[in-house]
1. Return only the number of the condition from (1) assigned to a strand (DSSP E or B); (2) at pLDDT below 95; (3) aliphatic (A, V, I, L, M) that Ala346 does not satisfy.
2. Which one of these is within 22 Å of Trp238 (Cα to Cα), free of Cβ contacts under 8 Å to residues at least 60 places away in the same chain, surrounded by fewer than 24 Cβ atoms within 10 Å (Cβ to Cβ) and of a type outside the set (D, E, K, R): Asn196, Asn177, Asn202, Asn106?
3. Can you find a residue that is of a type in the set (A, V, I, L, M, F, W, C), in a loop (DSSP other than H, G, I, E, B) and farther than 21 Å from Ala42 by Cα anywhere in the range 62-80?
4. Tally up the residues in the range 46-59 that are assigned to a strand (DSSP E or B) and either surrounded by fewer than 17 Cβ atoms within 10 Å (Cβ to Cβ) or in the same structural domain as Val194 (by TED's automatic domain parsing) (or both), please.
5. Considering only the range 35-45, state which residues are part of a loop (DSSP other than H, G, I, E, B), touching an Asp or Glu at 6+ places or on another chain (Cβ under 9 Å) and either among the aliphatic types (A, V, I, L, M) or surrounded by fewer than 19 Cβ atoms within 10 Å (Cβ to Cβ) (or both).
6. Just a yes or no: is a residue in the range 189-198 outside any loop (DSSP other than H, G, I, E, B) and more than 15 Å from Ile157 (Cβ to Cβ)?
7. When the range 257-266 is examined, which residues are found to be modelled with pLDDT of 95 or more and buried (at least 24 other Cβ atoms within 10 Å of the Cβ)?
Amino acid sequence: MKHLFVLIGYAMVGLLAVVFLIGADRVVPVTCGQDLDATVNADDPTIGTRFELEGACTYPVDTTIVPKDGDEIAGPAGSFIERGPAFDPEPTATIQGTSTLPKVINPQGTVRLEWLRVLGGDFTGLAGTGVGIAGGLMSPSSVVYAVQIADNDGAGISNARGTFDRIELNNTTQDPNALGFIGAGLKAINEVVVKNSYIHDNQGNGLWCDEFCHDSALGTFTITSNLVVNNGQAGIRWERVGDVADAGEALIENNEVHGNSPDAVRGGISVRDAQNATIQNNRFGAVTIAGVAYPPNSRKVAIIAADSGRADRPDLFNIDIVNNTLNGETIKGCELPDTVVECSEAQPPPSTDTTPPSVLSTSPTANATRVSPTTNVTATFSEDMDASSITTTTFKLSKKGSTTKLGATVSYDASTDTATLDPTNSLQRGSPTRRWSLRGLRT
């Protein structure tokens with residue numbers, strides 16, 4: 001095939017690029033020191049272009065890179081470190097967003113990203129900010145391969161779409177305000193595929209699909225053959241999926257899941273107010289993989305399948321937990337009817353633990369001052385509690401020096417082992433000190 005070499009002057013960005021026309025495709029080399037965002041964003045959107053980065057250098061960007069339908073951005077092929085089922089990519093071309101850039105890359109249509117390191121993303125408090133890749137406009141046919149995404153304020157990848165193969169996600173929620181909002185290595189609201197990837201040391205969830213995780217052309221939210229370790233919240237979270245016609249389904253299988261959820265007791269894999277998921281052939285517990293030792297998941301909880309009982313969220317239903325290797329960890333939810341959660345794993349015998357539970361933390365803290373009158377009281381315990389024992393009789397609020405309890409409602413969240421006391425009436429500002437007490441609780 002004869003190649004036609006065309007030299008095109010980019011006067012608007014003050015650079016030259018050699019463009020190779022190969023049939024209907026073209027390749028644009030981008031040398032170190034060249035303005036990457038200007039080069040990509042000025043390109044003809046009607047032509048699929050492969051931007052080939054020179055590599056072994058950093059491309060600073062102060063404007064979001066917007067590859068269009070049919071475009072590719074690729075660094076030089078690097079190497080992988082094998083970590084169990086995962087392949088940890090070692091790219092040499094780095095794209096670094098400036099400290100105030102909310103989105104580093106915002107692809108549109110069907111795109112391919114490969115052999116890149118994408119860093120940065122400033123979280124402004126809005127969804128889709130503080131991210132390495134903002135994926136809301138990507139098509140399900142898009143592919144992200146051998147890319148590391150790290151050092152983001154909000155999420156590594158937000159509103160993800162497409163297939164993510166042999167990627168690395170780490171240190172992706174540097175701003176704690178993004179936790180519980182978009183804080184994750186990868187956050188999706190549509191079915192995606194993540195495979196053979198290394199998901200580790202993210203402050204929020206490792207991989208997270210919620211808001212109905214809508215059906216896509218990929219057919220299932222598929223999380224397979226990944227190493228998911230040492231994430232602050234759940235390693236994998238399937239949340240609020242069901243009750244709408246296009247709600248997705250999940251297949252979570254053949255993953256190594258260890259050392260997750262020390263900051264929010266969600267287990268290695270968390271299913272919350274969600275439906276239609278199969279969780280099978282995953283391994284939990286303390287292990288050593290490729291010479292690295294990983295601890296068990298927090299409190300040795302492999303999987304939590306839980307229903308908040310909220311009327312505005314789907315009921316937990318049709319969760320199959322099959323043939324997982326627990327290595328001493330437990331599953332919460334197997335006690336529910338099989339139509340809700342069906343488990344094939346034999347659960348460990350009842351505990352002979354005689355150590356009473358303790359209160360790990362409270363809010364407000366002891367002797368706190370200047371507390372808002374509308375503040376609820378919470379207590380987080382060191383182990384699972386019997387929810388039926390947490391009532392207004394055992395968890396109560398009263399004026400200091402009085403045994404008369406004030407009106408309140410009490411609730412218990414089994415997924416976090418946290419009891420909450422909500423006073424019926426807001427306390428008066430500047431009123432005498434109140435005290436709360438816990439008596440007669442059971443595990």
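1. (1)
2. None of the others qualify; the one that does is Asn177.
3. There is at least one residue in the range 62-80 that is of a type in the set (A, V, I, L, M, F, W, C), in a loop (DSSP other than H, G, I, E, B) and farther than 21 Å from Ala42 by Cα.
4. Here the count works out to 2.
5. Pro45, the sole residue that qualifies.
6. Among the residues of the range 189-198, not one is outside any loop (DSSP other than H, G, I, E, B) and more than 15 Å from Ile157 (Cβ to Cβ), which makes the answer no.
7. Val257, His258, Asn260, Ser261
So that you can scan it fast, the table gives a plain yes or no per residue for (1) among the aromatic types (Phe, Trp, Tyr); (2) assigned to a loop (DSSP other than H, G, I, E, B); (3) under 19 Å from the mean Cα position of the chain (by Cα); (4) not assigned by TED's automatic domain parsing to the domain that holds Phe284:
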residue	(1), (2), (3), (4)
Asp88	no, no, yes, no
Thr94	no, no, no, no
Thr100	no, yes, no, no
Leu126	no, yes, yes, no
Leu169	no, no, yes, no
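The values are calculated or read from the model by the stated rules, or taken from the named source; none is laboratory data. As the structure is a computational prediction, the values presented were derived from the model and not from experiment. Neighbour counts run over all protein chains shown; Cβ positions are idealised from the backbone, glycine included.
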